[in-house]
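Each remark here refers to the structure printed beneath this line.
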Amino acid sequence: MTARAVLGVTTSLRGRPWMSRLDQAGEARALAIAQLTGTSVVLSRILAGRGIGPADAAKYLDPSLRDLMPDPGVLADMNRAAARIARAIEARETVAIFGDYDVDGAASAALLAGYLEACDVPYLIHIPDRIFEGYGPNVEAIQALAARGAKLLVTVDCGTTSHAPLEEAKRLGLDPIVLDHHQAPEHLPDAIIVNPNRLDDLSGLGQLCAAGVVFMTLAAVQRNLRASGFFAARPEPDLLAALDLVALATVADVAALTGLNRAFVVKGLAVMRERGRPGLRALFDVAGADGPPSAYHLGYLVGPRINAGGRIGDAALGAKLLGIASESEATEIAATLDRLNRERQAMEAATLEEAEAEALRQVGLQGEGASVIMVAGPDWHPGIVGIIAGRLREKFGRPAFALALANGSATGSGRSVVGVDLGRSVRGAVEAGILVKGGGHAMAAGITVDSARIEAFRAYLETDLAEAAARARAAEALYVDATLTAAGATPALLASLEKAGPYGAGNPEPVFVFASHRLVDAAPVGVNHIRFKIQAGDGATLEGIAFRAGGEPLGQGLLAGKGRPMHLAGTLSLDRYGGRERVKLRLLDAALAG
């Protein structure tokens, strides 16, 4: 039996149906979980809606690295990589770490550097400048690292397609190792490449972010060093204490929070609660994060501040902050990243209005136009185009690219929707000679293209992705986990729901429907948001906010619906403002009752 419409809503204010995440078999599975484990009806429904069966529920609620992490040797080339890094540690060779300028790259670089430092091994870190160097290793940077005495080059979160720079590394006497997770071409550079998305990798670990790959590599390195007796006179580095970095990177890189990734994040958040890493502690404080660390904090408060350095400031700040020991330096760098993040937000607001107008022209008022959005501007900062692409994807429900034009070339980023593999298409455009370079994964990609070839790239994407994009739009629905009332949205409920988290990609945050609640109040607040309050028949009330809904059908419907009964759907969060704990509704959609 297929999933059924919730409350009969087939066309909401946002123009989509509401469907139960559970079909008849799922309902039976939820009941069995509740009976077998003693979990609440709501939590049992959430587990069942994510494909968890009664026999697996207990282990799912307490994920274990011991159970979920395989032998690192299952990754192609892992044993060669671990052996070479172990030799470098034993010989105290200078190791050059070349990272990416996003959170995953910064966390991966800090993770590897921290391990080398614990083993008293000299290292160098290079994070490229987004504008002047671009993504991935470059020949000039490799030459500079070699001149500073490096003997081993380890690229993290990049390098899988970097043929020329890695050839230069070998020519200069640096052994190159790539620890990456981006989609890989058939022909790989001449290097030791550990990447679960290699075409010949059979590990089944393609959902790992780069920091997850680095962590598994260090586990293999530690095993080699233990066998050689390296730790006979020194303590072993505490790998589990570094899971905070893996958790941060996994969430910020929007990796699927399933299986091993979910265990990484659960254990990493537990490490963060100890507040032992000065850089993360300073970031949490400057961001005003309240309560215990959560995936929400990592994705929306901490991650964007680290990314701000790579987007519009000093790309090396993130990696430096995550590995720093000095409290005062950590506080100073965190303040700088916070300032850069505010500047990034101002740039984003100015660019987004222009980008949305062009995207609407392409898509059409009825959505009958382009299957893939592509917008470009000569004054757009290259560091924010990925965010712009994400906003357009969210608003128009289709893959989107945003490009910054300069000197006859364009650099940019794309963001995709579930079911449309953007990384594969970009790789195809590179192989077809349309793009200068490009890469990524299913949901996100980065490109460089000659300005004269932008239209050719647009045509290529339309041909390659139109069918998949149409299927994705046709299948769009809001999937609901359970129905609640305002009185049932309590801090205790949220505490119980955390057991099935953390939530994010691959493990969606639970969506609840509040049926026929009267809209007591609704008013604009902040930049394009709508604040509201609803009331149940028993008098219980619940406050909430609809982010970026102003001027949209959802926001207009809220403002026009004051005093009327409405069905509201959204996720729940805990507000600790003023020392009080209150549950609030983050609205995703609404429909008129009846």
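With all projection directions averaged, the alpha carbon convex hull of the range 364-474 covers 6.3 nm².
With 0.36 nm allotted per residue and the present C-alpha distance subtracted, the Arg273-Ala91 stretch has 61.9 nm of extension available. Inter-label distance, Glu431 to Glu332: 5.0 nm, where each label sits 7 Å from its Cα along the C-beta direction.
Roughly how tilted is helix 243-252, in degrees to the nearest 10 and between 0 and 90, from the longest Cα axis of the chain? The answer is roughly 60 degrees.
Considering only the Cα atoms of the range 414-563, their convex hull presents on average a projected area of 12.1 nm².
Counted by neighbouring Cβ atoms within 10 Å, the residues Tyr135, Tyr300, Tyr577, Tyr460 run from fewest to most as Tyr577, Tyr300, Tyr460, Tyr135. Ranked by how many other Cβ atoms sit within 10 Å of their own Cβ, fewest first, the residues Leu172, Leu542 fall in the order Leu172, Leu542. Remark: relative contact order (the range 364-474) = 25 percent; criterion is Cα-Cα distance under 8 angstrom and separation of 6 or more residues. Ranking Met566, Asn507, Asn528 by how far each Cα lies toward the positive end of the dipole of the range 478-592 (charges on Cβ) leaves Asn528 at the top. Computed from label points 7 Å out along Cα-Cβ, the spacing between Ala560 and Ala32 is 4.7 nm. For the chain, the longest principal axis of the Cα atoms and the long axis of helix 278-287 meet at an angle of about 30 degrees.
Highest mean first, the peptides 252-265, 17-30, 179-192 sorted by other C-beta atoms within 10 Å per residue fall in the order 252-265, 179-192, 17-30. Using C-alpha pairs under 8 Å with a sequence gap of at least 6, the mean separation divided by the residue count of the chain gives a relative contact order of 12 percent.
Net length available on complete extension from His529 to Ala492 is 10.6 nm, with 0.36 nm assigned per residue and the Cα-Cα distance removed.
Close amide H contacts of Ser409 (hydrogens built in the peptide plane, cut-off under 5 Å, sequence separation of 5 or more or a different chain): Ser451. Of the three principal axes defined by the Cα atoms of the range 478-592, the extents in descending order read 38, 33, 30 Å.
Rounded to the nearest 10 degrees, the angle from helix 259-272 to the longest Cα principal axis of the chain is 90 degrees.
Grab the other residues whose beta carbon is less than 9 angstrom from that of Leu283, score K and R as +1, D and E as -1, and report the net. Around Leu283, the surrounding residues sum to 0. Per-residue 3J(HN,Hα) values for the range 101-115, derived from phi via the Karplus relation 6.51 cos²θ - 1.76 cosθ + 1.60 with θ = phi - 60°, read 9, 9, 4, 4, x, 5, 5, 5, 5, 5, 4, 5, 4, x, 5 Hz in sequence order (x marks Gly and Pro). Does the chain come out rounded, prolate or oblate, given a ≥ b ≥ c as the square roots of the eigenvalues of its C-alpha gyration tensor, rounded meaning a/c under 1.5 and, failing that, prolate meaning a/b above b/c? Prolate shape, in that a/c is at least 1.5 and a/b is the bigger ratio. Which entries of Lys267/Lys395; Lys562/Lys584; Lys59/Lys267; Lys499/Lys584 show an alpha-carbon separation above 22 angstrom in the structure shown? Among Lys267/Lys395; Lys562/Lys584; Lys59/Lys267; Lys499/Lys584, the Cα-Cα distance tops 22 Å for Lys267/Lys395.
None of the figures in this text is laboratory data; all of them are computed from the coordinates on show. Quick caveat: nothing in here was measured; it's all calculated off a predicted structure. As a convention, Cβ positions derive from the backbone with ideal geometry for all residues, glycine included, and neighbour counts pool all protein chains shown.
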